[in-house]
Amino acid sequence: MRDSMIDVAVIGGGPAGLAAAATCAEAGLTTYLIDEQASPGGQIYRAIADTPVADRAILGADYWRGEALVAAFQRSGAVHLASALAWDVTPDLEVAVSVGGGSRFLRARRVIIASGALERPMPVPGWTLPGVMTVGAGQILLKSSGAVPSGRVVLAGCGPLLYLLAAQYRRAGAEVALILDTTPAANFKRALRHLPEFLLAGSYLAKGAELLLSAQRSVEIVRGVDSIVAAGEGQLRSVRYNVRGQEREVSADLLLLHQGVVPNVNLSMAIGCAHDWDGEQLCWSPRLDAWSNATVGGVAIAGDGAGIGGAAAAAERGRIAALDAARHLGVLSEAQRDLRAAGPRAALRRAMRGRRFLDLLYAPAPSFRVPADNAVACRCEEVVARQIRDCVALGVPGPNQMKSFLRCGMGPCQGRLCGLTVTETIAAARGVAPGMVGHYRIRPPIKPITLGEIALLPKSEAAIKAVARG
Amino acid sequence: MGAFDVAIVGGGLVGTAVAYGLARQGARIAVLDEGDVAFRASRGNFGLVWVQSKGLGMPEYAAWTKASSDAWAGLRDALRDETGIDTAFARPGGFHVCLTDGEMERRREQNKRLHNQPDMVPYEVRFLDRKDALDLLPGLGPEVVGVSYCPLDGHANPLKLLRALHAALARRGAAYRSNTPVQRIERSGDAFALTTPAGTILSGKLILAAGLGNARLAPMVGMTAPVRPQRGQILVTERVAPFLKHPLVTVRQTDEGSVMIGDSLEEAGFDDRVGHAVVAMMADRAVKTFPALRGVRVVRTWGALRVMTPDGFPIYQQSAEHPGAFLVTCHSGVTLAAGHALNLAPHVAAGCLPDAAFAAFSARRFDVRAAA
Amino acid sequence: MFARLPDLKERAVVRLTVDGRAIEARAGESVAAALLLSGVLVVRTTPVSGAPRGPFCMMGVCFDCLVSIDGEPNRQACMVTVRDGMQVERMQGARKVDP
């Protein structure tokens, strides 16, 4: 099937996507929301419509804010394509969508990518062992299945989500044995000049303090941890860590790692949008104009996929991008767009207040971003950091040559779990900035789909001539 | 930035293979390469070491190709001994699959014309119908009409080959400079002076192996390299347990288990993006060839630019105006790697490409055609 | 290593098998969650080194929870919702194709 023409395709069902789709549909545009998950909400509001967690206090008020977004989306008349993978967008804005093992093209007049965030890799030795997961994974299990860990649990890393999960576990009656905080002590000094702005954003402060105090009351917290090893044969048995020159080891059944979130840029990179290295958030972010339009015509990027701002900011950024799409499609004048965007822009400013303080305060330590020689960098192809450094010694300048030498980044995750590690490891080995090193060139499909599915895509006379030889 | 016996412009399969061959001759070498993102035909290579069907219109090319295929086991062993990297070269015999009677007929006709050429190097090519082909290639789909088979055909891992060549060069002390595109070439006494953003490099000899970049560089030393990009697209799947020993011209299983599916011939200028219709067509032929591949997942697709001359054959030439400057360009960097390292490099080191073997490959053949 | 909270909203029980062994899940859960909640931590061995792996990210990013579902290999267990009668098998190394 080809070319059902729609006005706007929104890709991703988190806060940015939900708000963008609702805004477009309310403006009278034919709008499709394409989302890989079975139910709306993205990861932050995961399972918001069908979580089995009955006690609302466990997940907290911030989580339940997602209900209003979903309700507005459902009222808006936007079409929801759930469990649907958007695996490419062509220059003509044909969105390749795979549903139930078959692909079709949705031809859109505008595309808004709201691909959200993923957790920054934390490549400590042993992180591939069963029993090591991410803090985000623990939270998804809680939201979608009401599941909490039953054994000895260690949380390790840095960033607000670490303490949020600890608090959610505590409210759910689950025990966390230990928190290993890897936040570098030097961060506070760097963050300090942004403290006044952060203090103005009172809600952050209150929330952060509450989370910390809550964790301190119930869990042992070790600060200043500067190395972590997940140990065990076949599965996790213990966690070894180093703090102020002292080696310690604790037994553990589950280790949950986290050191912040980064934009999920695989789709925006695959379709050729320009990206730049963000030296404060330490990640790639798409290059955007004031209305979130990317460098590829007709494509806007909203939410954490455009740079981390959190859920509240994401929804506003979705609305702003949607209003500009409506302007492009002629249902809003420029003046109407500007007028309607005033509210979301003010809300966005409020939501972003204090963000830089947080970014700098929770910037993960170099030693946890650029791993030890024996740590796996690429989980799919099991490439360790030493091999990457050996490649640099051969003169390899960047991730793409390195990838071809080592298969690093060639597995099914397509570089999502190793891309940043590889860029920063090469940059450190070469002694240049990550922005000079670059990122993998990502190619569609952005997630694997079957050969049979591709074989059924529409063909052209030119394609037949280009391929059928003999 | 230094003085060298030989400067090789281009760090892809062609440049590093010639460089490796020269390093084996004891030359002090610099390989000058572009950065991480460039039109790198070497990274897009399908990995065939292919003999059948090559050389229609230039029997010298058939002989040159076969000689490289014959030398490949030696290259594999040398690189493995020097670097520990196994390039996974194997020569189990390869197949070209035909999906219609028409394709089969054209294939036979083309093969007849190839082997009827005067001075054609003799080798065996067999045509098998579906039933006989099934004995060698279990799992062929019902739409396969027949195959051509050549026992000389093989394959290798192009990425491991590139890495092994780089590693071997490093071990032999060659200088490899990335992010060092050559902007200008001049004579400086007996030497060539190569201007780069990182400084000037002096070399006694100069090899232009810059792929599509040769078009710009060759005139600086009195030659022409009429090369154009020709896009080829490839799909690669997740790893699969070994099921296919033989390479097919459009389907092969790598030593790591992934299945590569090729390929297209497209005149798309310098656009190396992927086009769905072409990818769909390639996938369609692949599942018709092996229906069991239908459920295997494609992990990546890519487009790469072949380095094509007007007649599709390589150029090997020493500049008459600037002796010591050599032009090397081809679109079969894997098949010809052994030829470049073991057969071509010694002549370059000696400073002479003998007419008997190389006259046919000079780019002057295009001048003759243009004049005629 | 994971357990359901005691006071969850009621969800229908879904029965599936893992390598032939019967397990119970709740409607709406992902296969990966169902596996973890039945004590299955290792869901596959890698095609590269044969190392054991379990679910890691739970959001479709890492491809570590690959299992065979109703005969279809290399499905992301965290992205598939459980169904009654589903047959899940753990992956051992690279998938096979049967010519």
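The values are calculated or read from the model by the stated rules, or taken from the named source; none is laboratory data. Just so we're clear, the structure is a prediction, and the values are computed from it rather than from any experiment. Every residue, glycine as well, gets a Cβ built from its backbone with ideal geometry; the counts of neighbours run over all protein chains shown. With ligands, DNA and RNA removed, areas are computed over all heavy atoms of the protein, side chains included. Shrake-Rupley method; radii C 1.70, N 1.55, O 1.52, S 1.80 Å.
Here are some notes:
- Exclusive hit being farther than 23 Å from A:Asp88 by Cβ, open to solvent by less than 30 Å² (accessible area, probe 1.4 Å) and either more than 7 Å from chain B (Cβ to nearest Cβ) or not in a helix (DSSP H, G or I) (or both), set A:Met410, A:Met436, A:Met402: A:Met402
- For the condition more than 27 Å from the chain's Cα centre (by Cα) and part of a strand (DSSP E or B), A:Glu247 qualifies.
- Scanning region B:199-211 for residues that are touching a Leu at 6+ places or on another chain (Cβ under 9 Å) and either open to solvent by 30 Å² or more (accessible area, probe 1.4 Å) or of a type in the set (Gly, Ala, Ser) (or both) returns B:Thr200, B:Leu202, B:Ser203, B:Lys205, B:Ala209, B:Ala210, B:Gly211.
- Condition check for A:Trp291 on (1) at pLDDT 95 or above; (2) open to solvent by less than 10 Å² (accessible area, probe 1.4 Å): one failure, at (2).
- From A:Ser98, A:Ser103, A:Ser115, residue being of a type in the set (Gly, Ala, Ser), more than 16 Å from A:Ser144 (Cα to Cα), open to solvent by 20 Å² or more (accessible area, probe 1.4 Å) and in a strand (DSSP E or B): A:Ser103
- In the set B:Ala280, B:Ala356, B:Ala268, only one residue is free of Cβ contacts under 8 Å to residues at least 24 places away in the same chain and in contact with a Lys or Arg (Cβ under 7 Å, 6 or more places away or on another chain); that residue is B:Ala280.
- Filter result for A:Leu129 (out of contact with any Ser or Thr (no Cβ under 6 Å at 6 or more places or on another chain) and either open to solvent by less than 10 Å² (accessible area, probe 1.4 Å) or among the polar types (S, T, N, Q) (or both)): no
- Matching entry among C:Arg83, C:Arg4, C:Arg21 (being away from every other protein chain (no Cβ under 11 Å), at pLDDT 95 or above and under 20 Å from A:Thr51 (Cα atoms)): C:Arg83
- Scope region A:97-132; condition farther than 21 Å from A:Ala321 by Cβ and among the hydrophobic types (A, V, I, L, M, F, W, C); matching residues: A:Val99, A:Phe105, A:Met122, A:Val124, A:Trp127, A:Leu129, A:Val132
- Selected residue (criterion: most open to solvent (accessible area, probe 1.4 Å)) from residues of region B:287-345 that are within 14 Å of another protein chain (Cβ to nearest Cβ) and touching a Ser or Thr at 6+ places or on another chain (Cβ under 7 Å): B:Arg294
- When B:Gln117, B:Gln110 are checked against the criterion of being of a type outside the set (Phe, Trp, Tyr) and part of a helix (DSSP H, G or I), B:Gln110 stands alone in meeting it.
- Qualifying residue in region A:74-84 (condition: over 18 Å from A:Ala347 (Cβ atoms), open to solvent by less than 10 Å² (accessible area, probe 1.4 Å) and modelled with pLDDT of 95 or more): yes
- Listing of strands (runs of 3 or more DSSP E) fully contained in region B:260-368 that carry 1 or more residues being of a type in the set (D, E, K, R): B:297-308
- Selection of strands (runs of 3 or more DSSP E) fully inside region B:126-207 by the criterion of at least 1 residues being among the acidic types (Asp, Glu) and either farther than 30 Å from B:His115 by Cα or not assigned by TED's automatic domain parsing to the domain that holds B:Ser42 (or both) returns B:126-129, B:184-188.
- Any hit, region A:122-130, residues being within 11 Å of chain C (Cβ to nearest Cβ) and in a helix (DSSP H, G or I): no
- Hits in region A:413-428 (condition: assigned to a helix (DSSP H, G or I) and either touching a Cys at 6+ places or on another chain (Cβ under 9 Å) or at pLDDT below 95 (or both)): A:Leu420, A:Thr421, A:Val422, A:Ile426
- Any hit, region B:117-125, residues being closer than 29 Å to A:Asp390 by Cα and under 22 Å from the mean Cα position of the chain (by Cα): no
- Check on A:Tyr169, away from every other protein chain (no Cβ under 14 Å) and crowded, with 19+ Cβ neighbours inside 10 Å: no
- Options B:Gly84, B:Gly74, B:Gly44: the member that is farther than 21 Å from B:Ile315 by Cα and within 14 Å of chain A (Cβ to nearest Cβ): B:Gly84
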